[in-house]
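One structure is given below, encoded as structure tokens.
Every number in this text was worked out from the coordinates using simple rules, so none of it is lab data. These numbers come from a predicted model, not from an experiment. FYI the Cβ positions are ideal-geometry reconstructions off the backbone, even for glycines, and counts take in every protein chain you see.
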Amino acid sequence: MGQSAFKTGMVAVLVFAASLASSLAFGQEVKVVLSGSEEVPSNATSASGNATVTVGPDMSVTVSVTTSGIAATASHIHMAPAGQNGPVIVPFVKNGDGFSTAPGAKLTEAQFSAFKAGNLYVNVHSAANPGGEIRGQIRP
């Protein structure tokens, strides 16, 4: 390999490393689309929603959830891969027409590993679907 190609390759590696370090230093924001088809089992609801999930380098987590077409009763993050149901790990508080995390919410090491693997999801419940009406997997 010529010196020029080596330098170009090293620059690419350094740029990638810097961008990775930057995203870890400031947290990672993930946009999540919520629908009934993601629920387990799926349902034919016309409700929909969106969530913005931000996980900081200290494993702090902030979430904002908005919904449409649902009289939501609760919302939170669960830990499980797509196609499976799992336990609640981060409860949310009702905030007007949506939901958000309480101040100081943090993931554990195991939950942070699950986040990085795409094994967390946002779920919104209703009286009609107490097990969950709309859901979206958090895919960093």
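Of note:
Yes/no matrix, rows are residues, columns are (1) hydroxyl-bearing (S, T, Y); (2) touching a strand residue (DSSP E or B) at 6+ places or on another chain (Cβ under 6 Å); (3) without any contact (Cβ under 8 Å) to a residue 40 or more places away in the chain; (4) in a loop (DSSP other than H, G, I, E, B):
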{"position": "T62", "(1), (2), (3), (4)": "yes, yes, no, no"}
{"position": "G86", "(1), (2), (3), (4)": "no, yes, yes, yes"}
{"position": "I89", "(1), (2), (3), (4)": "no, yes, yes, no"}
{"position": "S100", "(1), (2), (3), (4)": "yes, yes, yes, no"}
{"position": "S113", "(1), (2), (3), (4)": "yes, no, yes, no"}
{"position": "Y121", "(1), (2), (3), (4)": "yes, yes, no, no"}
{"position": "H125", "(1), (2), (3), (4)": "no, yes, no, no"}
{"position": "N129", "(1), (2), (3), (4)": "no, no, no, yes"}
{"position": "G136", "(1), (2), (3), (4)": "no, yes, no, no"}
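- Residues in region 43-72 that are in contact with a Lys or Arg (Cβ under 9 Å, 6 or more places away or on another chain) and surrounded by fewer than 16 Cβ atoms within 10 Å (Cβ to Cβ): T52, G56, D58, M59, S60.
- Of all residues in region 101-132, those that are touching a Leu at 6+ places or on another chain (Cβ under 9 Å) and more than 15 Å from T54 (Cα to Cα) total 2.
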